[in-house]
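Here's a structure for you.
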Amino acid sequence: MKHKLGIYISIFLFIAIAAGSCKKKLDVGDPNDPTLTANASDENGIIQLAAGGVYINGFKSGDDWLGNSYFSLPYGYNELLGDVVTGEAANQLINQISLPDYVILDDGSKISNSASSRTVLKLGNTRAQTGAGNNPFYYQWLNMYAMNNACNTVLSVLSTIKFSGDATTKSNTVSAWCHWWKGYAYASIGTMYYAGIVNDAAGTSNARYLSKDSLILASDAELDKAAAILGAITNTGDYSAVLGKLIPSFCQVGNGGILSPAMWIRNINTLKARNLLMNRLSPFVNSNPSAVITGSSMTAMTSADWQNVLTLAGAGIQNGDYVFTGRSNSVNGFFTASGGSVSALTTGLNTGKTFKISERLMQDFKSTDKRLSNDFTDTVLYLNQVGGFTFSTRYSVVSGGFGASGVYVYGDNDIGANEVYIAGSYEENQLMLAEANIRTGNIDAGLAIVDAVRNYQGAGVAPVANTGLSLAQALQELVMERRAALAFRGISFYDTRRWGWTYDISKGGGNYNAVIFTSDKKLNTHSTINYNFLDYWDVPADETDLNPPAAGSAPTKNPN
């Protein structure tokens, strides 16, 4: 059966994961059928459906290609394009999409790529290439619309469910859950794709493609609905009982847990700040802080935008707030410890690892940073000999680190040990607040926040606030910390894109003074990299071929 991806995902089944004490399989038949079976017609069934629709449909099903979850494949593409990791394997084109157009090494020699990333991506956007596993455009779209449809299905029948106790509070908790994840899904589509579909009814057809900016507006609208519901909840006992079943018990550790309504609203504010920041151009090319980017699909950040970021992040995630996280589990999990995240596919000595740490990430750590000494080793070099001229590296990630007390750990391949951030985090929120302060002239206030984030992760580096740094120097500190603190969280490409690095040098982009370690063991510390990446992805052909755009739709292919 052929279906439109934006509406129907017939290959997925909603199944219950370890949410609270319930671990049985939830069989509701075809999730695209708006008529639910009996298993989802009571309190436990609808809660399991709402949980499985997110963690299975959204983050697991259809991702057994590179790794085994949303956090290994779509997150992987983001970290590849953000030059946090590299990968030489041909699986899902990971060795091609992150290869720059060219590099210029310290000695002036130039190495070029004969098949640019943007060309490879567009050529791969066919249904035939999807079937062969060679269409990167496909996966994030697939997962997010599967999640969206699951939430639509739950919302469509929620009013018919009889809840025990405070029925209004319990129903509203499930409703807030659905609107939050719909907001997350629309944000994911609007921040990665040139166009998308807003579909808020289960099992209905919709061929009206909207611009990426419209998807971000739809995301904000869904998040606002969730916030309004949460703001009216007063019975925290029944609220917590339901949320404790929606969030898998093995994810309720560390920074994950049962969020209070106030915590959840702060998470919403952080995601709205991200929606704004990641979809506006705010150039900072490290050798030319005033670079002008042309040919971008984004509009530039304005003074009003920076003020909005200050407001949203100022009301965003606080130190000690629970956030939405994922972990592996020995049974009924939604990804594995060894293959379910970018971190898992990178952590360990370089031999046999899918991803390798990029030298461009490593240059963002100061030599005194305890995260560098605790989490990375240079004992096993990786020397790429098969065409990846930016792939070689001196470093690899140590599983669990070397045990330094209070220092952030980037990877741990033991079951349940590694924490994957699904949406926002305290560090991300604070660094958005820091950047907004720096960009609006409050340089030392912003740098003080950078210092605080470094202290939070146990970096142990000397403070930079009140040291007389210029705007360009302050932004460099901010850039370094965002890349170091937020690595593996699926947002690195969005940063390098908005800073202008990923655009063609002829259009104001590029990465300068970059470290490149060549396969003949030569260390270059002032290289120039011309990525020339596509800034937003085209809608997958698997969608447009089966669901042709209706009259008045926005363009589905990025012309830039």
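Every residue in region 345-364 that is touching a residue at least 40 places away in the same chain (Cβ under 8 Å) and out of contact with any Phe, Trp or Tyr (no Cβ under 8 Å at 6 or more places or on another chain), please.
Gly348, Leu349, Lys353, Thr354, Phe355, Ser358, Arg360, Leu361, Gln363, Asp364
Quick check on Ser109: is it surrounded by 18 or more Cβ atoms within 10 Å (Cβ to Cβ), of a type in the set (Gly, Ala, Ser), out of contact with any Asp or Glu (no Cβ under 6 Å at 6 or more places or on another chain) and at pLDDT 95 or above?
So Ser109 does not fit the description; no.
Looking at region 382-411, which of its residues are of a type outside the set (Val, Ile, Thr) and touching a strand residue (DSSP E or B) at 6+ places or on another chain (Cβ under 7 Å)?
Tyr382, Gly388, Phe389, Phe391, Ser392, Arg394, Tyr395, Ser396, Ser399, Tyr410, Gly411
Residues to consider are Glu88, Glu79; find the one that is modelled with pLDDT of 95 or more and acidic (Asp, Glu).
Exactly one residue qualifies, and that residue is Glu79.
Which of the numbered conditions does Gly552 fail, given that it passes all the others? Conditions: (1) at negative phi; (2) of a type outside the set (D, E, K, R); (3) in contact (Cβ under 8 Å) with a residue 60 or more places away in the chain.
The number of the failed condition is (1).
Show the residue pairs that are 6+ apart or on different chains and have beta-carbon atoms under 8 Å apart, the first residue being within region 293-304 and at positive phi and surrounded by 13 or more Cβ atoms within 10 Å (Cβ to Cβ), the second being in a helix (DSSP H, G or I) and of a type outside the set (Phe, Trp, Tyr).
Gly295/Lys507
Hey, any hits in region 436-450 for a residue that's without any contact (Cβ under 8 Å) to a residue 24 or more places away in the chain and buried (at least 21 other Cβ atoms within 10 Å of the Cβ)?
yes
Applying the selection to region 412-438, what residues are in a loop (DSSP other than H, G, I, E, B) and over 17 Å from the mean Cα position of the chain (by Cα)?
Asp412, Asn413, Asp414, Ile415, Gly416, Ala417
Still on this structure, I have one more. For region 518-547, give me each residue that is touching a Leu at 6+ places or on another chain (Cβ under 9 Å), under 19 Å from Asn143 (Cβ atoms) and not in a loop (DSSP other than H, G, I, E, B).
Those that are touching a Leu at 6+ places or on another chain (Cβ under 9 Å), under 19 Å from Asn143 (Cβ atoms) and not in a loop (DSSP other than H, G, I, E, B): Trp537, Asp542, Glu543.
Scan Gly387, Gly416, Gly400 and give me the residue that is closer than 28 Å to Val515 by Cα, modelled with pLDDT of 95 or more and of a type in the set (Gly, Ala, Ser).
It is Gly400.
To continue, here is another question. For region 289-331, give me the residue count where each residue is of a type in the set (Ser, Thr, Tyr), within 22 Å of the chain's Cα centre (by Cα) and closer than 30 Å to Ser506 by Cβ.
Final tally of qualifying residues: 3.
Can you name the residue in region 221-255 that is part of a helix (DSSP H, G or I) and among the polar types (S, T, N, Q) and, of all such residues, is nearest to Val54 (Cα to Cα)?
That would be Ser249.
In the list Leu277, Leu383, Leu372, which residue meets the criterion of being among the aliphatic types (A, V, I, L, M) and surrounded by fewer than 16 Cβ atoms within 10 Å (Cβ to Cβ)?
Leu383
I want to confirm something. Restricting to region 288-324 and keeping residues that are β-branched (Val, Ile, Thr) and not in a loop (DSSP other than H, G, I, E, B), which single residue is nearest to Phe533 (Cα to Cα)?
Val309
Among residues belonging to region 124-177 that are crowded, with 20+ Cβ neighbours inside 10 Å, farther than 25 Å from Gly231 by Cβ and hydrophobic (A, V, I, L, M, F, W, C), point out the one that is farthest from the chain's Cα centre (by Cα).
Ala146
Going by the structure shown, is Ala550 of a type in the set (A, V, I, L, M), in a loop (DSSP other than H, G, I, E, B) and under 30 Å from Val198 (Cβ atoms)?
Yes: the conditions hold for Ala550.
On to the next question. Suppose we filter Ala218, Ala202 for residues that are crowded, with 17+ Cβ neighbours inside 10 Å and either part of a helix (DSSP H, G or I) or under 20 Å from the mean Cα position of the chain (by Cα) (or both); which single one remains?
Ala218
For region 157-216, what are the residues that are of a type in the set (Asp, Glu) and in contact (Cβ under 8 Å) with a residue 60 or more places away in the chain?
Residues satisfying the conditions are Asp166, Asp213.
So, Leu223, is that one in contact with a His (Cβ under 9 Å, 6 or more places away or on another chain), crowded, with 23+ Cβ neighbours inside 10 Å and at pLDDT 95 or above or not?
The answer is yes for Leu223.
The values are calculated or read from the model by the stated rules, or taken from the named source; none is laboratory data. Everything quoted here is computed from the prediction, not taken from an experiment. In this analysis, Cβ positions are derived from the backbone assuming ideal geometry, glycine residues included, and neighbour counts consider all displayed protein chains.
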